[in-house]
Amino acid sequence: MHDDHDHADNEMDAMTARVRALETVLTEKGLVDPAAVDAIIDTYENRVGPRNGAAVVARAWTDPEFAKWLRQDATAAIASLGFSGRQGEHMVAVFNTPKEHNIVVCTLCSCYPWPVLGLPPSWYKSPAYRARAVREPRAVLAEFGVSLPEETRIRVWDSTAEIRYLVVPERPAGTDGMSEPALAALVTRDSMIGCGLALTPEAA
Amino acid sequence: MNGPQDVGGRHGVGAVVPEDEAVRFHADWEKRVLGLTLACGALGHWTLDTSRHARESLPPAVYYNASYYEIWLRALEHLLEAAQEIKPDELTNGHAIHPPRRPDRRLTTEAVPDVLARGGPTERTGPKPAFAIGERVRTRNHQPAGHTRLPGYARGAAGVVEAVHGAHVFPDTNAHGDGEHPQPLYTIRFEATELYGDGADPTLSVSIEAWESYLERA
């Protein structure tokens, strides 16, 4: 659990030492069980991630009743697929259309819908994204290679409370008749934050 | 607080660097910080709001020079010291010296799935909402020295109530151990021109969640 591959610079060594000191103290005091720490890491490294959200989006694309439920009570609709818990206690799904594009940010910290997207990527937590997403989202999107029509309205959701947002991207053209798992493979993490679009079948 | 965390709308912060979604961590110590932070939360010494306040209370120069997991680590050290579970001499030595306070609350491996699945819902029974969907409101010039979730860029701004979420735990008090005091919570939508003035993107609107005491009628 403490392998040190690929991280040889001095700063990383100092951080590794600092974290080990804290974990050792807490373990010796009986305040933390390292196996419980391992179980938490395993959950978010291997079990809970953006494929969960992709399954939600694919279901919404193929099942109008589910899409309606997702719009009205996202927490319950998402829980019906088995995804719930920490940092997803109060979910809202927002749907992209040709007229309006949704983007999610947390300017004050790093609030993010863990049960459907897993842990946030580094950029989501960076001052650069948090500062600019609420002011110049088109410039931010350009850094993700995304360009929207000038007339498309942009709606940014700053997660300042415990409401967590999942963006449902537009279903790409040319996907009629595709299976739910095949559709889910088109749904990128970034598209569910609003910083990307769902892939076309050719690009996937 | 007008701390380093309140970066919405700032200029000069540089580019956003996209990252492959398969990347979960950048170093093994980051994994341990995640696990330790969640495991120590189970000791029950602090709330989510308290931990956010510990992070934003780091000196700005430290905050901006740290990765997010380093911010978490530094805040966790502060929280554990404030809870008198650890002392600085122990971190220096890398070994326990003083007795713990709540080893009986240690998170067990078996409890991890339940704790993560339960999460920490913040909706409570509380006062009925004073504002209705569609109503025009203005955020107050609310800038306490302690914790708040009203971002600076959205202070004193007029917007529209877009959603009412029931009553939620009030972070401004809960972060300081002063109780949950649930208040109605709203989604308030602002036009970018209201927030940023001339030169703002006319196609952009931004929303925040705001507790009722952050708001007044416009």
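The values are calculated or read from the model by the stated rules, or taken from the named source; none is laboratory data. Being a predicted model, the structure only gives us computed values, none of them experimental. Cβ sites come from the backbone with ideal geometry, for glycine too, and all protein chains shown count toward neighbours. Just so you know, the surface numbers come from the protein's heavy atoms only, side chains and all, with ligands and any DNA or RNA stripped out. Shrake-Rupley method; radii C 1.70, N 1.55, O 1.52, S 1.80 Å.
Look at (1) surrounded by 20 or more Cβ atoms within 10 Å (Cβ to Cβ); (2) in contact with a Gly (Cβ under 9 Å, 6 or more places away or on another chain) and you find that B:Thr47 fails only one, number (1). Checking B:Ala22, B:Ala111, B:Ala39, B:Ala82 one by one, the residue that is crowded, with 20+ Cβ neighbours inside 10 Å and more than 19 Å from A:Leu108 (Cα to Cα) is B:Ala39 and no other. Scanning the range B:160-218 for residues that are assigned to a strand (DSSP E or B), more than 8 Å from chain A (Cβ to nearest Cβ) and of a type in the set (Phe, Trp, Tyr) returns B:Tyr186, B:Phe190. Residues of the range B:147-158 being within 21 Å of A:Arg130 (Cβ to Cβ), in contact with a helix residue (DSSP H, G or I) (Cβ under 9 Å, 6 or more places away or on another chain) and touching a residue at least 60 places away in the same chain (Cβ under 8 Å), which ones? Scanning the range B:147-158 gives B:His147, B:Thr148, B:Arg149, B:Leu150, B:Tyr153, B:Ala154. Residues in the range A:180-195 that are open to solvent by 10 Å² or more (accessible area, probe 1.4 Å) and either free of Cβ contacts under 8 Å to residues at least 40 places away in the same chain or touching a helix residue (DSSP H, G or I) at 6+ places or on another chain (Cβ under 8 Å) (or both): A:Glu180, A:Pro181, A:Ala182, A:Ala184, A:Ala185, A:Thr188. Applying the criterion of at least 2 residues that are at pLDDT 95 or above and surrounded by 20 or more Cβ atoms within 10 Å (Cβ to Cβ) to the helices (runs of 4 or more DSSP H) found wholly in the range A:36-89 leaves A:50-62, A:74-79. Checked against the criteria, A:Arg130 counts as assigned to a helix (DSSP H, G or I) and basic (Lys, Arg). Within the option set B:Thr109, B:Thr139, being at negative phi, among the hydroxyl-bearing types (Ser, Thr, Tyr) and not assigned by TED's automatic domain parsing to the domain that holds B:Ala83 holds for one residue only, B:Thr139.
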